[in-house]
Structures are given as structure tokens and as C-alpha cells.
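**Student:** First, the structure itself, so that you have it in front of you.
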Amino acid sequence: MKLAVIGTGYVGLVTGTCFSDLGNEVTCIDVNQAKVEGLKQGIIPIYEPGLSELVLRNHEEGRLNFTTNAAEAIPDAEVIYIAVGTPQSDSGAADLSAVWKVVEGIAPLLRKDALVVVKSTVPVGTNGKVYDMLNKLCGREVNVASNPEFLKEGSAISDFMYPDRVVCGVRNREAEALLNTLHAPLLRTGKPILFMSPESSELTKYAANALLATKISFINEIANLSEKVGADINDVRIGMGHDQRIGFQFLFPGLGYGGSCFPKDVRALASLADSLELNPLIMRAVDEVNVHQRASLVRKIDAFYGGEVAGKTFGVWGLAFKPKTDDIREAPALELLNYLVDNGATIRVHDPEAMENVNEIFGEKIAAYCKSEMEAVDGVDCLAINTEWNEYRTPDFKKLKSKMKTPTVFDGRNLFDLATMEKHGFTYFSVGRRPVD
Ligand code: NAD
């Protein structure tokens, strides 16, 4: 099939690349000229495991192309995916300005039998608005479907290629048939493709993200309770997770959720409910707990040093909002960095992928962007951990201690065993567990 994917970010680039890998002819369109030029030369703008190889191979074999000019690809495309960003606006609702711009731009270029598919996460009713707008601009009925994306950054390729389910919001049999054909190679393991109304598909995406975010906020609230009552959240988590009705996924205490999806999607859902004069109590609470949790490492550090971090040196491990991505949007690490910068601490950071993005924001306010995690703790008063990259899990504790001026660790991800930290003589603060000092 001939496809066009508009918006070449985490979702658009993965979608376009994977569909091209399945034999489709795909053109990825983006307004960002530098990004498109880079992609044409094999420069991948984001870090996502396995993505680079797939982009290079499919581009080289002529199935995957990049352009800033929609007119080069839309007139031929049977299916046009809209995968532009839908960030949070000041009110908390989703900002759909990029979606409307795309709709206006493609209307005069669409072939008669084209199927336009909204992949971006958009509030319920957006598909209907896109449909009305295209019908008006084109002067005929345009087929518009929704196909929300459930991939996770860090495992985006395998999530896309082996989805738990594919959700499609459609208006007619033609859309259903096209989307069935397109997704058939992804569903050979028997996982379902679910057809429903556009409104149901739009709400499914928000509801799924909101429930996952709820699990995270819930376990963080229990972790905070654990600290006060002398329980160990790790034991509590395991005790809960073995119940098959509960399970282990998204039940890890930490610094709350970040990234470009959960925070904005929870708020957008709450904002939608607000606009309908419903009272979204759970969504508001999930967000509030998360905002509070994101600052939990800062609160612990501030209390430990009595607010006096000026003149102290901090090693920081992990900047990305989660491992295996370079994405720092709404990352808890930013909260810590801002606090340390504002209060005059010296900062040495390490992250396997996200340092460039952090450098763009903090530049020289951070003293050292280090090549290794051990370089980042050279002579520091304290180590703070924000992201659970695998390479941080089993450090040489003797070496770690010998490099630090004082062996104090604030761990926002519960990477280490309390007994190990005790044995090696660290002062150690984690989440929902007793301190070691
Ligand atoms: P992103 O910010 O990484 O990428 C968006 C891209 O769209 C950018 O490259 C931007 O230049 C481009 N763009 C903006 N306006 C454009 C226009 N008028 N024409 C062409 N290109 C334009 O965003 P993302 O993380 O890929 O998210 C895209 C959508 O997918 C959002 O609605 C998001 O909520 C949803 N989503 C994201 C994830 C994720 O993990 N990132 C997962 C599922 C769903």
C-alpha cells in the first residue's frame, strides 16, 4: 500500500518505518526541515532501540522516504496517517492546532478514495471534527478513521510490531477493510484488531493511559505510607502483584510518571470531563499525587541538607523520564536539576542517551556531562538517581564509595538492596523503604 505519515516524531517515525518494513511504500512528512534533511542522510533524530537499523534499511531499499512537501506524497497515498504532537495547552486540554493545520494542508491534495487516519492522541470528538472539516474543504465525503497508538518509548518497535491489540475507530466497511489489510502482518499471533466507533477508540486511548497512570500514583501513595509506618514497599508490591487481579505491571514506586503522554493525557481527560460538567475526581487525584511525587527526591535532599546544598557537589544518574529513551519531556530529573541549580549546588550528570537534550536546556549550569556513571560521582557529596537504566543496577559498590567524598545516595528508583548498602557503609534513601544510615 502507499502510505503517508504526517508528523515524524516518536510515533510517526516508528509507524512509518514499521509499515515500510512490512512492504508498504511510505513517505514521512514533517514541517521540521532539519529533521527531514537529517533523516534523508540517515541521521535519526531520536533514540529508540532498533529504530536506526530499520530506518536505514528501508530508506536504502526505497520503501521509506522523507519530505517536508505534502504535495509530493499525499496525492498518491491510499492511507494518510496524522501523527503530529498534541501537547497540553495552558488550560490542561490538548492543543490540537497541529492537527487542524495538517487537515487544512492535505484537503486539496487527497485522492478520492483516500482514508485519513488520526493516530495522534486526541480528545473524544476530534475525529468527528476532522471528518466535518475535510468534507467541507473537499466538497465531498472523505473517509476518516482513528487508530490510536499504544507503543511505549524504549520498546516502540516491538510494541508496534507485536501489539496486544489494534484499536480502530471507523465509519464504514471500506475503512475497516483497508485497516484490516494494513495490520494483518502485525496480528499473525492471533492478537485482535478491534473495530469500534471513532469516539470509542478515542476514549479507549485516554482511558488506558489514565488507568496505567492511576496504578503508578496509587503505588506511590502506598510507598509514602510505607515510609511512615515502617513497611517495605517492595514486599508490599510483591505481596499485591501476585494477585492475578492486580499483577505487577506499572506497580513500581518511584518518582512518578513523566514523558510526553501520561501527564498530558490524564489532564486532557480531566479537562474533557470538566467541560462536560462531570467531576473527574480520580484523574485530578492521580495528577496531584504525581506532581507531588516528582518532587519527592528534592524534598528528601532538602531535608537531609537542611536546605543548604550550596557549595556541595551532586552526582546525578539518569535524566530521561524512563530508561531506553532520550526523551526528557516532563522527566522527574528536571525537577531535581532545577532545584540544585537554583540553590547553588555543583552538578555532574550521566545518562546513556539524554545528556544532549538536557544540555540544550541547562547548558553550562551543569558542571560536567560525564561519559560514564563513575565519572559522574568523582568527588561528589551525594549521588541522586532518577532513571532506572540497567547499567546503574549493579555498580562496583567499593569503587562507587571510594570515588565519592561522602557515600550518600538518594535513589528515586529503588535500584539497590538495603542490606547491600548497609554492608558497604552507604547512607541510603530510597522510596517506600526505611533509610540506611
Ligand atoms: P513528537 O513531538 O515526537 O513529534 C511530533 C512531530 O510532528 C514533530 O516532528 C513535529 O515537527 C511534527 N509536526 C508538527 N506540526 C506538523 C505539521 N503541521 N505537519 C507535519 N508535521 C508536523 O510527538 P510524538 O511523541 O510522536 O507524539 C505524537 C502523537 O502521538 C501525540 O498525540 C502523542 O500523544 C501520541 N502518542 C505518543 C506516544 C509516545 O510514546 N511518544 C505514544 C502513543 C501516542
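The values are calculated or read from the model by the stated rules, or taken from the named source; none is laboratory data. Keep in mind the model is a prediction, meaning the values are calculated, not measured. Please note: Cβ atoms are built from the backbone with ideal geometry, for glycine as well, and neighbour counts cover all protein chains shown.
**Student:** Is there any pair linking a residue in segment 401-417 that is among the charged types (D, E, K, R) to one that is part of a strand (DSSP E or B) and surrounded by 21 or more Cβ atoms within 10 Å (Cβ to Cβ), with Cβ under 6 Å and at least six apart or on different chains, and which?
**Tutor:** The qualifying pairs are Asp411/Ile385; Arg413/Ile385.
**Student:** On to the next question. Glu72 passes all but one of (1) surrounded by fewer than 16 Cβ atoms within 10 Å (Cβ to Cβ); (2) under 22 Å from Glu330 (Cβ atoms); (3) touching a strand residue (DSSP E or B) at 6+ places or on another chain (Cβ under 8 Å); which number fails?
**Tutor:** (2)
**Student:** Would you tally the residues in segment 44-69 being surrounded by 15 or more Cβ atoms within 10 Å (Cβ to Cβ) and among the acidic types (Asp, Glu)?
**Tutor:** Looking only at that region, the number is 1.
**Student:** Return only the number of the condition from (1) at positive phi; (2) of a type outside the set (Asp, Glu); (3) touching a Pro at 6+ places or on another chain (Cβ under 8 Å) that Gly306 does not satisfy.
**Tutor:** Answer for Gly306: the failing condition is (3).
**Student:** Then there's this: Within segment 327-374, count every residue that is of a type in the set (D, E, K, R) and touching a strand residue (DSSP E or B) at 6+ places or on another chain (Cβ under 7 Å).
**Tutor:** Quick first cut of segment 327-374, residues of a type in the set (D, E, K, R) only: 327, 329-330, 335, 342, 348, 351, 353, 356, 360, 364-365, 371, 373.
Adding the requirement that they be touching a strand residue (DSSP E or B) at 6+ places or on another chain (Cβ under 7 Å) leaves 348, 373.
Summing the residues that are of a type in the set (D, E, K, R) and touching a strand residue (DSSP E or B) at 6+ places or on another chain (Cβ under 7 Å) in segment 327-374 gives 2.
**Student:** Looking at segment 338-358, is at least one residue of a type in the set (D, E, K, R), part of a loop (DSSP other than H, G, I, E, B) and closer than 12 Å to Leu319 by Cα? Don't jump to the end; show me each part of the working.
**Tutor:** The first filter runs over segment 338-358 and keeps only residues of a type in the set (D, E, K, R), leaving 342, 348, 351, 353, 356.
After this cut, where a residue has to be part of a loop (DSSP other than H, G, I, E, B) as well, the list is 351, 353.
Add one more test, that the residue is closer than 12 Å to Leu319 by Cα, and what stays is 351, 353.
Checked against the condition, which is being of a type in the set (D, E, K, R), part of a loop (DSSP other than H, G, I, E, B) and closer than 12 Å to Leu319 by Cα, segment 338-358 yields at least one hit.
**Student:** Quick check: anything in segment 145-153 without any contact (Cβ under 8 Å) to a residue 24 or more places away in the chain and surrounded by fewer than 13 Cβ atoms within 10 Å (Cβ to Cβ)? Lay out the reasoning, then the answer.
**Tutor:** Here is the first cut: in segment 145-153, the residues without any contact (Cβ under 8 Å) to a residue 24 or more places away in the chain are 152.
Narrowing the set further to residues that are surrounded by fewer than 13 Cβ atoms within 10 Å (Cβ to Cβ) leaves none.
No.
**Student:** Where in segment 217-317 are there helices (runs of 4 or more DSSP H), lying wholly inside it, with at least 3 residues that are in the same structural domain as Pro332 (by TED's automatic domain parsing), away from the ligand (no atom under 16 Å from the Cβ) and surrounded by fewer than 19 Cβ atoms within 10 Å (Cβ to Cβ)? I'd like the intermediate steps shown before the answer.
**Tutor:** Working: elements: 233-241, 262-275, 281-294, 296-304.
Qualifying helices (runs of 4 or more DSSP H): 296-304.
**Student:** Check Leu418, Leu383, Leu400 and return the single one that is among the hydrophobic types (A, V, I, L, M, F, W, C), touching a His at 6+ places or on another chain (Cβ under 9 Å) and at pLDDT 95 or above.
**Tutor:** Working: Leu418 fails: touching a His at 6+ places or on another chain (Cβ under 9 Å); Leu383 fails: touching a His at 6+ places or on another chain (Cβ under 9 Å).
On inspection, the qualifying residue turns out to be Leu400.
**Student:** Which of the residues that make up segment 318-345 are more than 14 Å from the ligand (Cβ to nearest atom) and farther than 13 Å from Asn386 by Cα?
**Tutor:** If the condition is that a residue be more than 14 Å from the ligand (Cβ to nearest atom) and farther than 13 Å from Asn386 by Cα, then Asn338, Tyr339, Leu340, Val341, Asp342, Asn343, Gly344, Ala345 are the ones that fit.
**Student:** May I ask you to verify whether Lys365 is within 29 Å of Tyr10 (Cβ to Cβ), surrounded by fewer than 21 Cβ atoms within 10 Å (Cβ to Cβ) and away from the ligand (no atom under 16 Å from the Cβ)?
**Tutor:** Judged against the criteria, Lys365 is a match.
**Student:** In segment 245-254, is there at least one residue being touching a residue at least 40 places away in the same chain (Cβ under 8 Å) and not hydrophobic (A, V, I, L, M, F, W, C)?
**Tutor:** Looking through segment 245-254, at least one residue is touching a residue at least 40 places away in the same chain (Cβ under 8 Å) and not hydrophobic (A, V, I, L, M, F, W, C).
**Student:** Here is a follow-up. I need the full set of residues from segment 243-276 which are touching a Gly at 6+ places or on another chain (Cβ under 8 Å) and of a type in the set (S, T, N, Q), in order please.
**Tutor:** Within segment 243-276, Ser260, Ser271 qualify.
**Student:** Can you give me the ranges of the strands (runs of 3 or more DSSP E) entirely in segment 109-190 with at least 1 residues that are more than 16 Å from the ligand (Cβ to nearest atom) and closer than 16 Å to Met1 by Cβ? Before you say what the answer is, go through the steps one by one.
**Tutor:** Working: elements: 115-118, 143-146, 166-169.
Result: 115-118, 143-146.
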